[in-house]
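To keep things clear, I will list the structure first and then write my remarks on it.
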Amino acid sequence: MPKLLVVETSPRGEGSVSRNLTARFVERWSAAHSAGEVTNRDLTETPLEFVTAPWLQAYFTPPDQQTADMQDALALSDTLAKEVLDADEILVATPIYNYNIPALLKAWIDHIVRKGMTLGFDGKGLVSNTKATVLFASGGAYGPGSPIADRAVAQQYMRVVLGAIGIEDVIIIAGENAKLVDMGETAMEAFVDTMTPAIEAAVS
């Protein structure tokens, strides 16, 4: 039974382009995997904290030497990392803010890149046989030929991070010019429709 982990970051609810694209992806994925299991991790509803000194102290303490407070500090991180390890496929859906990913998604990354869990002590990734799709919604366009193509920082960053933990099969779906939806020049459904061929290709 294939397992899909869906990680969402947008705070915009039903008005979020990335969330609407996610809904289309999950719809197509579920149709293609009738026995599949979907785990939803909404980062806007997850009590994430940025890395703190107590967290780092716990992180660098061997598990058999951790105090109860240290274990508590790492509890959510343990859960998030295990969700990644348990998944056969991962969908990360996110807006782009100022050319990069939101702070909330960066916080999730800092919690799931864990030595001894998703990352080996030799620096090799431990997440094997896993496919990832990263679905971006951006106001601008960063594709080939764009005058701001050199600013496609988020895409490169996500490939690097996922590759570091062992996920080499990464598909990027770039929902560019999403500002047209906000400006009322394109309906949400129409915008999602334009992205559906890329979504279906990723699902297959």
So which chymotrypsin sites (Phe, Trp or Tyr not before Pro) in the stretch 107-139 end up in coil per DSSP with only 12 or fewer other C-beta atoms within 10 Å? Phe121
Sorted peptide list for 79-89, 174-184, criterion being average Cβ within 10 angstrom, highest first: 79-89, 174-184
Counting each DSSP H run of 4 or more residues in the chain as -39500 (n - 2.57), what helix-only mean residue ellipticity at 222 nm follows after dividing by all residues, to the nearest 500 deg cm²/dmol? -13000 deg cm²/dmol
Just subtract the alpha-carbon distance of Glu168 and Asp193 from 0.36 nm times their residue separation and send over the number in nm, one decimal. 6.2 nm
Once each part is reduced to its C-alpha centroid, what is the distance from the stretch 180-201 to the stretch 57-92 in angstrom? 37 Å
Cα-based Rg of the chain per 2.2 N^0.38 Å, rounded to two decimals? 1.06
Compute the length gained on full extension between Glu45 and Lys82: take 0.36 nm times their separation in residues and subtract their Cα-Cα distance, giving the result in nm to one decimal. 11.5 nm
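Each value in this text was obtained by applying a stated rule to the coordinates, not by laboratory testing. Since the structure is predicted, the reported quantities are computational estimates derived from the model, not experimental observations. As a convention, Cβ positions derive from the backbone with ideal geometry for all residues, glycine included, and neighbour counts pool all protein chains shown.
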